[in-house]
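Note sheet for the following structure.
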Amino acid sequence: MILMEHIVREGHPALRKVAEVVTFPLSEADRKLAEDLMNYVQNSQNELICDQYGLRPGIGLAAPQVDKSKKIFALHITEENREPLSIIAINPKIVSHSVEKTYLSAGEGCLSVDRDVEGYVPRYARITIKAFDLEGKEYKKRLKGLAAIAFQHELDHLNGVMFYDHIDKKSPFKEIPGAIPFERD
Ligand code: NI
């Protein structure tokens, strides 16, 4: 079980590496890693388990965040009035995206960052993605809103990119042309 002590924090070199492509059939270790990532995000959204193990709630977790250089992440998003999204993404990629951008109006956070970093992180408003599941089957999805933002955040982790790399250093709240802010409730 992944606990907070297993999650590496900013400054750790694992967060700045380009993760390795995963091969199929999955090794036992890779399968367990993928399942552990999913279990963390699901557990962290369960108040009881969260309290019991001192987890910080999160909607996504990528393998480099537990010091594993593999192109794997898990997303678990349950928003009111929206279909829940719960995916393990292996060797994920964005195949197309909207011109329109968006950003979380309250800024982004990360389980590997123990401080509030203020500023707008520009993201594509809508993306079409492809990724492989645990069985090595490729799937395709269209994502928008929080799901699209979170997917791009996690995909960045597989490329050694942190969310704050995208924030304008001089004026973090500078308007992003043509972007529609996304309010998280
Ligand atoms: Ni993160």
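The values are calculated or read from the model by the stated rules, or taken from the named source; none is laboratory data. All figures in this text were calculated on a predicted structure; none of them were measured in a lab. Positions of Cβ are backbone-derived with ideal geometry, glycine not excepted, and every protein chain shown enters the neighbour counts. Protein only, heavy atoms only, side chains kept; ligands, DNA and RNA dropped before computing areas. Shrake-Rupley method; radii C 1.70, N 1.55, O 1.52, S 1.80 Å.
Output the strands (runs of 3 or more DSSP E) that fall wholly within the range 61-113 and possess 2 or more residues being over 19 Å from HIS166 (Cβ atoms) and away from the ligand (no atom under 16 Å from the Cβ), or say none.
Details: elements: 72-77, 85-97, 101-104.
In the range 61-113, 85-97 are the strands (runs of 3 or more DSSP E) which contain 2 or more residues that are over 19 Å from HIS166 (Cβ atoms) and away from the ligand (no atom under 16 Å from the Cβ).
Table: residues versus (1) out of contact with any Leu (no Cβ under 8 Å at 6 or more places or on another chain); (2) surrounded by fewer than 21 Cβ atoms within 10 Å (Cβ to Cβ).
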residue: ARG56; (1), (2): no, yes
residue: ALA63; (1), (2): no, no
residue: ILE72; (1), (2): no, no
residue: LEU75; (1), (2): no, no
residue: GLU79; (1), (2): no, yes
residue: ASN91; (1), (2): yes, yes
residue: ILE94; (1), (2): no, yes
residue: GLY109; (1), (2): yes, yes
residue: VAL113; (1), (2): yes, yes
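Cβ contacts < 8 Å: first residue without any contact (Cβ under 8 Å) to a residue 60 or more places away in the chain and among the charged types (D, E, K, R), restricted to the range 126-144; second residue part of a loop (DSSP other than H, G, I, E, B) and open to solvent by less than 30 Å² (accessible area, probe 1.4 Å), any location; separation 6+ or different chain. Result?
Listed pairs, sorted by first residue: ARG126/SER98; LYS144/ALA125.
Hey, does the range 119-128 have a residue that's open to solvent by 70 Å² or more (accessible area, probe 1.4 Å), of a type outside the set (Asp, Glu) and part of a loop (DSSP other than H, G, I, E, B)?
No - not one qualifying residue is present in the range 119-128.
Say whether the condition of being outside any helix (DSSP H, G or I), within 30 Å of ARG31 (Cα to Cα) and within 15 Å of the ligand (Cβ to nearest atom) is met by at least one residue in the range 165-176.
Here is the first cut: in the range 165-176, the residues outside any helix (DSSP H, G or I) are 167-176.
Subset that is within 30 Å of ARG31 (Cα to Cα): none.
No - not one qualifying residue is present in the range 165-176.
Within the range 37-49, identify whether any single residue is within 16 Å of the ligand (Cβ to nearest atom), part of a strand (DSSP E or B) and modelled with pLDDT of 95 or more, and answer yes or no.
Applying the first criterion (within 16 Å of the ligand (Cβ to nearest atom)) to the range 37-49 yields 37-38, 40-41, 44-45.
Checking the rest, the ones that are also part of a strand (DSSP E or B) come to none.
The answer is no, given that none of the residues of the range 37-49 is within 16 Å of the ligand (Cβ to nearest atom), part of a strand (DSSP E or B) and modelled with pLDDT of 95 or more.
Determine, yes or no, whether ALA150 is modelled with pLDDT of 95 or more, crowded, with 19+ Cβ neighbours inside 10 Å and more than 15 Å from the ligand (Cβ to nearest atom). Can you show your working first?
On the way: modelled with pLDDT of 95 or more: yes; crowded, with 19+ Cβ neighbours inside 10 Å: yes; more than 15 Å from the ligand (Cβ to nearest atom): no.
No, not satisfied.
Can you pull out the residues in the range 148-164 that are in a loop (DSSP other than H, G, I, E, B) and without any contact (Cβ under 8 Å) to a residue 12 or more places away in the chain? Walk me through it before giving the result.
Just the residues of the range 148-164 that are in a loop (DSSP other than H, G, I, E, B), to begin with: 158-162.
Within the range 148-164, just VAL161 meets the criteria.
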